[in-house]
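A quick write-up on the structure given underneath.
The values are calculated or read from the model by the stated rules, or taken from the named source; none is laboratory data. Just so we're clear, the structure is a prediction, and the values are computed from it rather than from any experiment. Note that we place each Cβ from the backbone using ideal geometry, even for glycine, and neighbour counts take in every protein chain shown.
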Amino acid sequence: MIRKAPISMIMTQDVISLKKSDKLETAEHLFKKHKIRHIPVVNGNVIVGMLSYSDLLRLSFADITNDDDSVADVMVYNMFTIDQVMKRNIVTVSSANSIKEVAEILASKEFHALPVVDNNKLKGIVTTTDLIKYLLKQF
């Protein structure tokens, strides 16, 4: 294991992101298509929030059926915006932060993903899955 190895070694650099103006349906499609659980919300390259798949699942209980037993495609997502559902004031890390430092943040704050930001610009994302894969390679 490399001591002081930077998080840039294991972070995902090609980040799937959303804008606040995107639809929640778009977010759901991206979560499923790319098999991911967290998507940074950006304004240009500047991160303004984070949307998790769990955030969407909290809304999904509102799906309904109509009286004639056919399933109505009622989209609860149309009632909300990404801006309303996303987490704000998120914790970020720098690409220079060590893997150990990031692991400590993930463990102590019980986060599952952290955006990697340098000079106020989104450079990547690191997840608990990235960290576990890295640790497994060490054995």
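Could you look through the range 107-127, keep only residues that are outside any strand (DSSP E or B) and within 26 Å of Gly44 (Cα to Cα), and pick out the one that is modelled with the lowest pLDDT? Ranking the qualifying residues of the range 107-127, first place goes to Phe111.
For the range 4-23, filtered to residues that are more than 17 Å from the chain's Cα centre (by Cα) and exposed (fewer than 15 other Cβ atoms within 10 Å of the Cβ), the residue that is modelled with the lowest pLDDT is Lys4. Here Val41, Val15 are screened, and the one residue that is under 18 Å from Phe111 (Cβ atoms), in contact with a strand residue (DSSP E or B) (Cβ under 6 Å, 6 or more places away or on another chain) and not in a strand (DSSP E or B) is Val15. Scanning the range 34-62 for residues that are among the charged types (D, E, K, R) and under 17 Å from Thr129 (Cβ atoms) gives Lys35, Arg37. For Ser98, the conditions (1) polar (S, T, N, Q); (2) under 23 Å from Lys123 (Cα atoms); (3) modelled with pLDDT under 85 are fulfilled apart from (3).
Quick check: is even one residue across the range 82-94 at pLDDT below 95, hydroxyl-bearing (Ser, Thr, Tyr), outside any strand (DSSP E or B) and more than 12 Å from Met50 (Cβ to Cβ)? No, that holds for no residue.
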